[in-house]
Amino acid sequence: MPTPTPTTVPEPTSSPAHASARVPTPVPTPASASRPARGPVPALRRRPAALRLARPRAAVVDGAAAVAFLAAMAAERLGAAGEIRVGPVPALALSVLLAGALALRRRAPLAGYLAGTAALSAEALFVLPSPVTPYANLVGLYSLGLYATRGRALLGPVVVLPGMAAYFAGLAHTYPAVPAGVLFLWLLAWAVGYATARRHEERERARLLLRRRVVLDERARIARELHDLVGHTLNVMLVQAGAARRVLARDPEQTRELLTGLEHTGREALDELDRVLGLLRRQGPVPDVGSGPGPGAGVAPVPAPVPVPAPGAGPQPGLADLPRLVGRTEQAGLRVTVRLDPATRELPRTVDRSAYRIVQEALTNTVKHARTGTGTGSGNGTVDVTVTVAVRTEAPVLELLVSDGGCGVPAGYTPGRGLLGIAERVAMFGGTLEHGGGDGGGFRLRVTLPLG
C-alpha cells in the first residue's frame, strides 16, 4: 500500500475521492483565513431619516454658493458702473451666467465650466475684467475635476488656457509671471479635484470588491455544507436501499428495518438541507463590480438583502452529534468505533463544526470506496472504521484520525471533491492534512487543526 508523501493539493476534478498524499495547508489569505462567516453579509445601513433631513441637499448648497457669488459680482459691477464700457445690464447678465454655471457644478460640471469660462472671457474682452468672477471660475474648474467623468474632467486643463488668455488680454497685463502663477493655481485646483475623485472611486471599488469577496466566500462555505450533507446522505440511502432490495424476498422483517432507517435518514437530511438552504436564501445579491462608478459621480448603495425566515436554520452539528452520524453510517454496512476526547467539549464553535464535517466526509468516502475500490459502494461485507478525535494540549491542536480496513488505495488516481473539500476546510485554520494507505491496508486520513 502507498504511504503518505508530501504533495500539493490538485485542482478540483471529478475523479474518485481517495489518494495518497500529504497536504501542507497553504498560508491563508486575509479573506480566506478568517473563520467561516456566521450568517449572511450585513446590509449597508441607510442614514436615519432625521439625519438625512438635517443634511442640506447638494442642490441647495450649490444654489446658495451661486447666490453668494452673484451678490458679490453684482455689488462689484454696480460699484464700477462708470467704468464699464457697455453699461451695467450686459455686465449683470454675464454675472448671472457665471453664477448659474456654479449652480450646475455637480449635475453638469463640464457644461457649467464651459459656460462660466465663456462668460469670463466675454466680460474681460468686452465689458471690464472683474476681480470677483475669476474665483467663481476657479470653483467651477475644481468642480469639473471632482464631479465630471474621467474623460470629461481631462478637458479642464485644455479649456482653462483660452479662458486665462482672454482674461489677461482684457487686463493688458505686462508681467508674465502673474499669468503664469495664476495658471498654476488654477491647474492645481483642478488637480486636487481630479485626484479626490479618483481616490473616492478606488475606495468605492475596493469596498464593493471586498463585499463581493465576503459574499462569495460565504456561498462557497454553504456549497461545501451542501456537498457534505447531500453526498453523505445519498450514499447511505443508496446502500440501505440496495440492501433492502437484496433481502426483500427472504427476510421481510430486515427489509422493514432497512426501509425505516432509510426513512429516518431522509428526514434528517431534509432538516439539515432546509437549514443550509435557509442560510442561502438570506444572502443578498452579489454586487456587480465589472465597472466602477464614474469619477465624482454619486454611488448608488448596494441593495440590502431581504431577510427571509428559514424554519430549518437551527444550530449546525458538531462533534457531540457524532453518535447520530455513526448510527446512520453503520446502517450502510460499516462498523464504526469512535474515540472522542472529552476535551473536545470546550472547542471553539467553528472548529467543532468543521471537525464534524471532516469526519462526515471521511465516512462518506469509506462508504463509497472501502469495500470495492470502484466508488460504487455495492460490495458485500462489513468494513471496520476507527474515528479518533483528540486534543493535543502541547501544540495545541485538534487531531482527527479516520482509518478503515477496506480494500485500500488503488494506484494512479487523484483526490476528488470530497478530499479537496476537506483540504479547503483545513486551510481555513492553517492546519495540515494527510491521506493515503494505512499501515495494515485500507485508507487513513489524518487532520490537525490549530487551536491557538
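The values are calculated or read from the model by the stated rules, or taken from the named source; none is laboratory data. The shown structure was predicted, so the numbers you read here are calculated from the model rather than taken from an experiment. Cβ: placed from backbone, ideal geometry, glycine included. Neighbour counts: every protein chain shown. In case anyone asks, the SASA skips ligands and DNA or RNA and just uses the protein heavy atoms, side chains included. Shrake-Rupley method; radii C 1.70, N 1.55, O 1.52, S 1.80 Å.
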Item to check | Residue-count net charge about Asn137 - beta-carbon cut-off 13 Å; Lys, Arg +1, Asp, Glu -1 | outcome: 0
Checklist entry - Stretched out fully, how many nm does the piece from Arg245 to Thr388 gain, at 0.36 nm a residue minus the Cα gap? => result 48.1 nm
Next on the checklist: Computing the accessible area with a 1.4 Å probe over protein heavy atoms, can you report the carbon and sulfur percentage for the stretch 53-203?
Outcome noted: 74 percent
Next on the checklist: Need the full-extension length gain, Arg57 to Gln254, defined as separation in residues times 0.36 nm minus the C-alpha distance. One decimal, nm.
Outcome noted: 63.3 nm
Checklist outcome for this item: The answer for the stretch 175-217, accessible area per residue at 1.4 Å probe in Å², is 61 Å²
Checklist outcome for this item: To the nearest 0.05, the calculated FRET efficiency linking Leu209 and Val158 through their beta-carbon distance, R0 being 35 Å, is 0.60
Item to check | Summed side-chain charge close to Gly156 - residues other than Gly156 whose Cβ falls under 13 Å, Lys, Arg +1, Asp, Glu -1 | outcome: +3
Checklist entry - What list of ³J(HN,Hα) couplings, whole Hz, do you get for the stretch 86-103 from phi and the Karplus terms 6.51, -1.76, 1.60, once you set θ to phi - 60° and write x for glycine and proline? => result 10, x, x, 5, x, 5, 5, 5, 5, 5, 4, 5, 4, 5, x, 4, 5, 5
Next on the checklist: Given a Förster distance of 51 Å, report the FRET efficiency between Ala108 and Ala220 from their Cβ-Cβ distance, rounded to the nearest 0.05.
Outcome noted: 0.70
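Which order do the peptides 211-223, 119-131 come out in when sorted by mean C-beta neighbours inside 10 angstrom, highest first?
119-131, 211-223
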Next on the checklist: Sorting check: for 444-452, 182-190, which peptide has the highest mean count of neighbouring beta carbons within 10 Å, and how do the rest follow?
Outcome noted: 444-452, 182-190
Checklist outcome for this item: Taking a probe of 1.4 Å and leaving out DNA, RNA and ligands, the stretch 402-452 shows per residue an accessible area in Å² of 34 Å²
